[in-house]
Amino acid sequence: MSIGIIGSGNIGSAFARALARAGISATIANSRGPQSLAALEAELKPFIKAGTPLEAASADIVLVAVNWSKLPQALRDLPDWNGRVVIDANNPIEAPLFKPADLGGRLSSEIFGALVPGARVVKAVNHLLSHLVASDPTEEGGRRVLFYSGDDAAAKADVAALIERLGFFGIDLGALAIGGKLAQFPGGPLPALNLVKFG
Ligand SMILES: NC(=O)c1ccc[n+]([C@@H]2O[C@H](COP(=O)([O-])OP(=O)(O)OC[C@H]3O[C@@H](n4cnc5c(N)ncnc54)[C@H](OP(=O)(O)O)[C@@H]3O)[C@@H](O)[C@H]2O)c1
């Protein structure tokens, strides 16, 4: 399965590092163009290649990690997702003010889902600080936990398999209406917990 990453900041590049550590290839994109990613590409060669958002978005599994207010612009000009799997790693809050976005009572993943029509959305990789996504998931003697949730069982199975290959311990939180709420930041009880599964 091909993998794309839209957003090359803290989380996008941390996910790229996790993939490269596991020997998994991916295309990563940002707003400034592939040439701005030369250093990351050099660090993570031969696994991580810089591309355009369109190239990253055409992968089978696409992780999106973009500042909340910039998501509409980042996702606006992409073609229909056509059933591909999109990992929502985003949180509705951003630097420098860290003021929660007004979601009008909706879950952030519902709002995100409307920006990727035709995609099968799985919420994951949003609850950990980026350095914990990038570092060895076994460094504390067990396997670091990553949560995932979604409404499509096959899409969740694809993401669960990827989490497993990365060396994390995946925990299925159920449907987006349940898991999205538990993992949402701010608001849910799970964000920022560095949980490790032993045994
Ligand atoms: N930081 C964390 O520890 C953490 C943890 C969990 C979840 N998150 C969530 O992950 C998301 C990203 O956070 P971050 O800390 O990684 O942010 P960040 O370091 O500011 O990176 C944001 C990335 O989004 C890209 N971007 C912005 N507009 C774009 C556009 N129109 N097209 C393509 N790419 C665009 C930026 O491109 P340029 O590089 O070209 O500017 C940048 O690479 C946020 O929703 C955040 O809440 C963050």
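Please treat every number below as a calculation from the coordinates, not as lab data. All figures in this text were calculated on a predicted structure; none of them were measured in a lab. Note that each Cβ is placed from the backbone with ideal geometry, even for glycine, and that neighbours are counted across all protein chains shown.
Quick look at the values:
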| read-out | value |
| --- | --- |
| 10 Å-binned pair-distance histogram of segment 1-53 (Cα, whole percent) | 30, 63, 6 |
| Net charge over other residues, Cβ less than 13 angstrom from the Cβ of LEU63 (K, R count +1; D, E count -1) | 0 |
| Modelled FRET efficiency - R0 45 Å, ASP80 with ASN194, Cβ distances, 0.05 increments | 0.75 |
| Charge dipole of the chain about the Cα centre (unit charges at C-beta), most positive-ward option of LEU75, HIS131, SER149 | HIS131 |
| The chain: Rg to Rh, with Rh as the Kirkwood radius over Cα pairs | 0.93 |
| Violating pairs (Cα-Cα greater than 25 angstrom) within the set LYS156/LYS197; LYS70/LYS197; LYS123/LYS197 | LYS70/LYS197 |
| Loop-located trypsin sites (Lys or Arg not before Pro) in segment 1-92 whose Cβ has at most 13 other Cβ within 10 Å (DSSP) | ARG32 |
| Per DSSP, loop chymotrypsin sites (Phe, Trp or Tyr not before Pro) in segment 64-132 with at most 12 further Cβ within 10 Å | PHE98 |
| Beta bridges per DSSP with both ends in segment 3-197, % antiparallel, nearest 5 | 20 |
| Reduced Cα scattering model of segment 34-119, Debye log10 I(q)/I(0), q = 0.12, 0.17 Å⁻¹ | -0.43, -0.81 |
| Likely footprinting exposure, LYS181, LYS123, LYS45, fewest C-beta neighbours within 10 Å first | LYS45, LYS181, LYS123 |
| Amide H within-cut-off set for ILE87, under 5 Å, with H built and near neighbours excluded | VAL62, LEU63, VAL64, VAL122 |
| Simple spin-label estimate for ALA101 and GLN35 in nanometres, 7 Å along Cα-Cβ | 3.1 |
| Local electrostatic count, GLU43, Cβ distance below 14 Å [Lys/Arg +1, Asp/Glu -1] | +3 |
| The chain - mean residue ellipticity at 222 nm from DSSP helices (-39,500 (n - 2.57) per run, n ≥ 4, rounded to 500) | -7500 deg cm²/dmol |
